[in-house]
Amino acid sequence: MDQAPGSRPEGIHDGLPTCYRHPGVETGVRCTRCERPICPECMVNASVGFHCPECARGDSGTGHPPAASRPRTLAGGAIAQDPRLVTKVLIGLCVAAYLVQMSVGNNFTDSFELIGRAYYPDGQLEGIAEGQWYRLLTPMFLHGSIIHILFNMLSLWWLGGPLEQALGRARYLALYFASGLAGSALTYLLAEPNQPSLGASGAIFGLFGATAVLMRRMRYDMRPIIALLVINLIFTFGWSNIAWQAHIGGLVAGVVIGYGMVHAPRKHRALIQYGTCALVLVAVVVLTLLRTSQLT
């Protein structure tokens with residue numbers, strides 16, 4: 001049908017088409033039946049392409065698509081309207097913790113940094129070996145300088161967004177925290193017990209590992225991620241005062257979990273994905289118990 005000059009079809013703005021049900025959401029996907037533009041929240045998986053909810057109603061007899069036919073991410077997660085929300089929250093938590101560090105001072109950092117076993121200036125014996133297991137987790141949100149947090153948050157934004165979109169929020173969070181804990185556990189095992197450590201680098205190296213696995217799965221050019229990883233490893237082992245144990249522990253965990261996430265067969269996908277995360281957490285507990293028995 002012809003259009004009058006200057007007019008646009010329903011849902012078309014100056015840029016990409018916008019969803020006919022959510023006018024503020026741009027999308028490049030259209031219903032294969034009626035050809036109306038639909039966003040990830042509205043699209044219903046069909047044998048060929050995607051359907052809008054109205055067209056899908058004709059198949060299911062209801063106004064809502066069955067849960068099994070809703071669009072999913074590559075790893076089987078739910079597609080979110082904001083695919084970077086969790087990454088933004090993680091960055092916000094790290095920035096907030098850094099501001100508290102700057103406001104409160106060393107007392108706050110000393111209370112939550114990773115330390116195996118050591119006497120602090122107040123004469124108290126502190127550390128993971130003294131039962132403070134939370135010190136495996138809390139250092140992931142602390143940083144030692146503005147350069148430290150800036151570099152880590154840029155890496156988190158660059159790596160985290162695409163991974164969150166590919167895995168889904170729950171799987172992405174499981175990858176992030178399991179990798180970070182693996183880095184903390186290896187640091188606790190191998191570093192001097194009185195050597196403090198902090199930073200999100202262990203978790204971020206886990207994102208590096210998972211990104212490499214994902215890119216290989218998608219048959220993308222691996223050279224950019226390999227080059228970036230090599231540069232980071234050079235910094236890891238070339239500069240002093242860097243907890244290389246956290247980087248290596250997070251990287252190995254990220255590769256293992258990433259492989260489980262993107263290569264799990266559809267039939268038992270969630271079981272294998274979260275089972276892989278559970279195996280990494282079991283390894284974290286074993287390493288922690290081993291080191292604690294050595295120090296006490």
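Determine whether Ala78 is in contact (Cβ under 8 Å) with a residue 24 or more places away in the chain, out of contact with any helix residue (DSSP H, G or I) (no Cβ under 9 Å at 6 or more places or on another chain) and not hydroxyl-bearing (Ser, Thr, Tyr).
So Ala78 fails the test.
Condition first: of a type in the set (Gly, Ala, Ser) and in contact (Cβ under 8 Å) with a residue 12 or more places away in the chain. Now tell me which residues in the range 265-296 satisfy that.
Hits for the range 265-296 are Ala270, Gly275, Ala283.
Search the range 263-296 for residues being assigned to a helix (DSSP H, G or I) and among the polar types (S, T, N, Q), and hand back the single one that is surrounded by the most Cβ atoms within 10 Å (Cβ to Cβ). Full working, then the answer.
Restricting attention to the range 263-296, the residues satisfying the condition of being assigned to a helix (DSSP H, G or I) are 263, 266-295.
This time we only want the ones that are among the polar types (S, T, N, Q), so: 273, 276, 288, 292-294.
Values: Gln273: 25, Thr276: 22, Thr288: 19, Thr292: 19, Ser293: 9, Gln294: 12.
Top of the filtered list is Gln273.
Please work out which residue is farthest from Ala278 (Cα to Cα), limiting yourself to the range 114-171 and to residues that are outside any helix (DSSP H, G or I) and of a type in the set (D, E, K, R).
Asp122
Is it fair to say Pro23 is in contact with a Lys or Arg (Cβ under 8 Å, 6 or more places away or on another chain) and at pLDDT below 85?
Considered against the rule, which asks whether it is in contact with a Lys or Arg (Cβ under 8 Å, 6 or more places away or on another chain) and at pLDDT below 85, Pro23 comes out as no.
Check whether at least one residue in the range 39-51 is surrounded by 11 or more Cβ atoms within 10 Å (Cβ to Cβ), in a loop (DSSP other than H, G, I, E, B), modelled with pLDDT under 75 and outside the structural domain of Arg171 (by TED's automatic domain parsing), and report yes or no.
Scanning the range 39-51 turns up at least one residue that is surrounded by 11 or more Cβ atoms within 10 Å (Cβ to Cβ), in a loop (DSSP other than H, G, I, E, B), modelled with pLDDT under 75 and outside the structural domain of Arg171 (by TED's automatic domain parsing).
Any idea which residue in the range 179-196 is farthest from the chain's Cα centre (by Cα), counting only those that are modelled with pLDDT under 95 and polar (S, T, N, Q)?
This residue is Asn194.
Can you give me the number of residues within the range 131-140 that are more than 16 Å from Thr187 (Cα to Cα) and surrounded by 15 or more Cβ atoms within 10 Å (Cβ to Cβ)?
Qualifying residue count, the range 131-140: 0.
The values are calculated or read from the model by the stated rules, or taken from the named source; none is laboratory data. Since the model is a prediction, treat every value here as computed from it, not as a measurement. Cβ sites come from the backbone with ideal geometry, for glycine too, and all protein chains shown count toward neighbours.
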